[in-house]
Amino acid sequence: MAILKAFKGLRPPQNIVKDLASRPYDVLNSKEARAEAKGNKYSLLHIIKPEIDLEEGVNLYSQEVYNKAKSNFEIFKSHGWLAKDDKNHLYIYAQTMFGKTQYGIVGCAAVEDYMNNVIKKHELTRPDKEEDRMKHVRITNANMEPVFFSYPAVTEIDEIVENYVKENKPDYDFTGEDEIGHHFWVIEEKEINDRIIELFAKLPSTYVADGHHRTAAAALVGNEKKANNPNHTGDEEYNFFLAVHFPDDQLTIIDYNRVVKDLNGNSDEEFIEKLTKGFDVKEMGTEIYKPNTLHNFSMYLGGKWYSLTAKENTYDDNDPIAVLDVTILTEQVLDPLLDIQDLRTSKRIDFVGGIRGLGELSKRVDSGEMKVAFALYAVSMQQLIDIADSGAIMPPKTTWFEPKLRSGLAVHELD
């Protein structure tokens, strides 16, 4: 049974919300964050990427950086740029991209559910990235950014949300510089909050869509606080962490592609010849070719695009991992032909979110930075759920969700 909790959100005033709301900490580097927050004292990046207020080149994991996050957070609160609601709420957060809108429920998930696998995961986490976010949560004593969850769609929840947004003006409503619309409602009525919580309690599971490291960090810090509190009751705010829950049938996963620096000693011709063992290879010319179905890939090499269709003996449609195109590419190409054995640690491979377009792949190859690029057909939500339910783990860099959540529309303090 999934636990959903209303909370007193720390929220910005309407007149600065567009300036304060930021992209997640992990989708832009320090240089990009400095540029994005330049001249904008309200940007949440001052808290979630606090190195932007220190000298360039500072160690991102130094105590100085975490201390800056804490001091900036205190400044935001003292100036009223983040002010706490006077009672517990759930919230609705909707995003519009390319004419399509998805509606999420903002509330707190339970540390207990994470530990008991009611909240299901589909990716491994890296201890160093977990520890970074844990330090950030510890020093701010808050979940500054929500994690992105999904749940099996429930008709009554859909109807509640649909009616609420029709009948109430959004508390926030703005369009970002990326032309993505953000719409946010505070659910004032206790009976509506209570009913949504009751409906969530009937769900067997929820699913981490995006933000595995933030989820793990929030849950582990909550567990730490529990262990260190001799008077622990289970009702403390640290037992819960901030999440936006979207119904699975509203979400879009886009492709997550690969670029590789070299051909592991092969010439272009030798490499293509070796590919024919596992794929039907067809040259498509200089115009961008996008994969059109599961088990079809596109490759960019030597100024040309190719269609690669996996042969039947290279995958197993009855296995939730073996059916994935990322698995096929790894087992048929990256490992045996290119000698890339660990996608998480190899310096010869990089990953490009499909939101950048396939032109980004050819650009990086044509520049000489990379030698070959592979574009994959996007994973489906059903594949993600099947893998999470089976207890299996997806290969690294398999899913890319768009649009990304904006951080700062609501913050959750841990006491």
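The values are calculated or read from the model by the stated rules, or taken from the named source; none is laboratory data. What you see is a predicted model; the values in this text were computed from it and never measured. Virtual Cβ from ideal backbone geometry, glycine too; neighbours counted across all protein chains shown.
A quick yes/no check of all residues on (1) at pLDDT 95 or above; (2) within 28 Å of TYR151 (Cα to Cα); (3) in contact with a strand residue (DSSP E or B) (Cβ under 6 Å, 6 or more places away or on another chain):
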site	(1), (2), (3)
ASP248	yes, yes, yes
TYR256	no, yes, yes
GLY265	yes, no, no
GLU269	yes, no, no
LYS277	yes, no, no
TYR300	yes, no, yes
LYS311	yes, no, no
THR314	no, no, no
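Do the conditions hold for GLY357, that is, is it free of Cβ contacts under 8 Å to residues at least 40 places away in the same chain, within 22 Å of the chain's Cα centre (by Cα) and under 30 Å from ASP178 (Cα atoms)? Here the answer is yes, as GLY357 does meet what is asked. Would you confirm whether or not segment 53-70 contains a residue that is closer than 28 Å to GLU179 by Cβ, touching a residue at least 40 places away in the same chain (Cβ under 8 Å), outside any loop (DSSP other than H, G, I, E, B) and among the small types (Gly, Ala, Ser)? No; the residues of segment 53-70 include none that is closer than 28 Å to GLU179 by Cβ, touching a residue at least 40 places away in the same chain (Cβ under 8 Å), outside any loop (DSSP other than H, G, I, E, B) and among the small types (Gly, Ala, Ser). Confirm whether ASN15 is assigned to a loop (DSSP other than H, G, I, E, B) and exposed (fewer than 14 other Cβ atoms within 10 Å of the Cβ). No, not satisfied.
Residues that are in contact with a Gly (Cβ under 8 Å, 6 or more places away or on another chain) and on the phi > 0 side of the Ramachandran plot within segment 41-88 are absent altogether.
Determine whether segment 126-136 contains at least one residue that is buried (at least 21 other Cβ atoms within 10 Å of the Cβ), under 20 Å from the mean Cα position of the chain (by Cα) and in the same structural domain as GLU198 (by TED's automatic domain parsing). Looking for residues that are buried (at least 21 other Cβ atoms within 10 Å of the Cβ), under 20 Å from the mean Cα position of the chain (by Cα) and in the same structural domain as GLU198 (by TED's automatic domain parsing), one finds at least one in segment 126-136, hence yes.
Residues in segment 174-230 that are under 17 Å from the mean Cα position of the chain (by Cα), assigned to a helix (DSSP H, G or I) and closer than 18 Å to SER150 by Cα: 7 in all.
Residue-wise test of (1) over 30 Å from PRO12 (Cα atoms); (2) at pLDDT below 95; (3) over 17 Å from the mean Cα position of the chain (by Cα).
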position	(1), (2), (3)
TYR306	yes, no, yes
VAL323	yes, yes, yes
ILE385	yes, yes, no
MET394	yes, yes, no
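Can VAL379 be described as under 30 Å from PRO247 (Cα atoms), buried (at least 21 other Cβ atoms within 10 Å of the Cβ) and β-branched (Val, Ile, Thr)? In short, yes. Count of segment 118-137 residues, restricted to those that are over 24 Å from TYR151 (Cα atoms) and touching a Phe, Trp or Tyr at 6+ places or on another chain (Cβ under 7 Å), is 3. Looking across segment 333-354 at every residue that is of a type in the set (S, T, N, Q) and under 24 Å from the mean Cα position of the chain (by Cα), the one that is nearest to ASP26 (Cα to Cα) is identified as THR345.
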